Amino acid sequence: MAKTILFVCTGNTCRSPMAAVLANDYLKKWGFKGQAFSAGLGAVPNLPAAKQAQKIMAEWGLDLSKHRSRALNEELWQKADLVLTMTQAQKEYLQQLAVDKKVFLFKEYAQGENKDVGDPFGGSEEVYRACAQELAEGMPKIIKRFRGEDVVKIALGADHGGFRLKEIIKEWLAENNYEFEDLGTFSEEACDYPEIALKVASKVAAGECQRGIIVCGTGIGVSIMANKVRGIRAALCHDLFSAKASREHNQANLLTLGERVIGPGLALEIVAVWLKTPFAGGRHARRVAKIIDYENQRFDN
Ligand code: RB5
């Protein structure tokens, strides 16, 4: 699924439209699936981009003539996978709205600098040019990082009770071009499921893998163990509805399955749905945030 970047400024007539057109140009040039768009926190709707911005973009072969300003709304917000603001104040304001959304300052995401992209509004063409150049300089780094973050690596594991299904899932992941790391077990010889569950959950919690899948006989033992690791939301799913909901509602980062409970056909369908379903955010984000808050209190004290 194509991913989207939302650039946010104040009026949506200068900085953010220039950023979006530059980003779309890179996405296209580099053959990356994805889309950039823009909005303003205090935008008057339907205004064209500033004449200076249009002129500079046109000199660079980019068309801003059709841009019309728009205020940030729920639909645009929901659509965005990554939100980049021009100023720290805009970032802080947006971060209060949703905990699940990735919101960064433009320069922070591009080059790790907590600096604003200044507002050229009302300035001369040279002021606009300096702003456009700042955006153009950061953009290749932004697009590269954005694409890199799209890569999902899966930590995979099983005890002896789930070994055969784990092998089948592994084959399916390879055929479907998923990156994965098999953390064992590597035979049907009896072993202890808490150990393997801890290995897989730790990889995901450390951010080395973005998702985890663990199989045991029932899926229960590994799910109990994995859920004791900070940052893990493991879901035991033996039907497609739960698999989908565990992502949309609970932002589950680990799936557990029982080889002795379901057949491989259904298991693979569950894996496919679970990997493809994004978190729905919104009211669910508030609830997931409460789980994270509890965890933070428990582990920090
Ligand atoms: C192993 O026999 C079995 O107990 C284990 O695979 C799992 O089902 C634990 O929950």
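Each value in this text was obtained by applying a stated rule to the coordinates, not by laboratory testing. Quick caveat, the model's predicted, so the values are computed rather than measured. Cβ: placed from backbone, ideal geometry, glycine included. Neighbour counts: every protein chain shown.
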With bins 10 Å wide starting at 0, give me the P(r) of the chain over every alpha carbon pair, in whole percents. 6, 25, 27, 19, 14, 7, 2, 0
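Among DSSP bridges having both ends in the chain, what percentage is antiparallel? Round to the nearest 5.
Working: 1 of 34 bridges.
Among the beta bridges of the chain, antiparallel pairing accounts for roughly 5 percent.
Restricting to Cα pairs below 8 Å that are 6+ residues apart, what does the relative contact order work out to for segment 33-155? Please round to a whole percent. Numbers along the way, then the final one.
On the way: 128 pairs, mean separation 24.5, N = 123.
Dividing the mean separation by the residue count of segment 33-155 yields 20 percent.
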Pull up all non-local amide H partners of Cys237: gap of 5 or more, or a different chain, and H-to-H distance under 5 Å with H placed in the peptide plane. Thr256
In sequence order, calculated HN-Hα J values of segment 179-189 (Karplus, 6.51, -1.76, 1.60; Hz; x Gly/Pro): 8, 8, 10, 8, 9, x, 6, 10, 7, 8, 5
Tally Lys/Arg at +1 and Asp/Glu at -1 over every other residue whose Cβ is under 11 Å from the Cβ of Gly212; what's the total? +3
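For the chain, what relative contact order do you get, as a whole percent, if you take Cα pairs closer than 8 Å and at least 6 residues apart? Mind dumping the intermediate values first?
Working: 587 pairs, mean separation 40.2, N = 301.
Computed over the chain, the figure is 13 percent.
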Quick one: 3J(HN,Hα) in Hz for segment 106-122, Karplus 6.51/-1.76/1.60 with θ = phi - 60°, rounded, Gly and Pro as x. 3, 6, 5, 5, 6, 9, x, 10, 8, 10, 7, 9, x, 7, x, 3, x
5 angstrom amide H check on Leu105, placed H, neighbours 5+ away: Thr85
The answer for Lys153, listing residues at least 5 apart or on another chain whose modeled amide H is closer than 5 Å to its amide H, is Gln210, Arg211
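Counting only Cα atoms, I'd like the Rg/Rh figure for segment 192-301, Kirkwood definition for Rh. Could the numbers behind the result be given before it?
Values: Rg = 13.6 Å, Rh = 14.1 Å.
On the Cα set of segment 192-301, Rg over Rh gives 0.97.
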³J(HN,Hα) across segment 222-232 via Karplus (A = 6.51, B = -1.76, C = 1.60, θ = phi - 60°), whole Hz, x for Gly/Pro? 5, 6, 4, 5, 4, 6, 8, 8, 4, x, 9
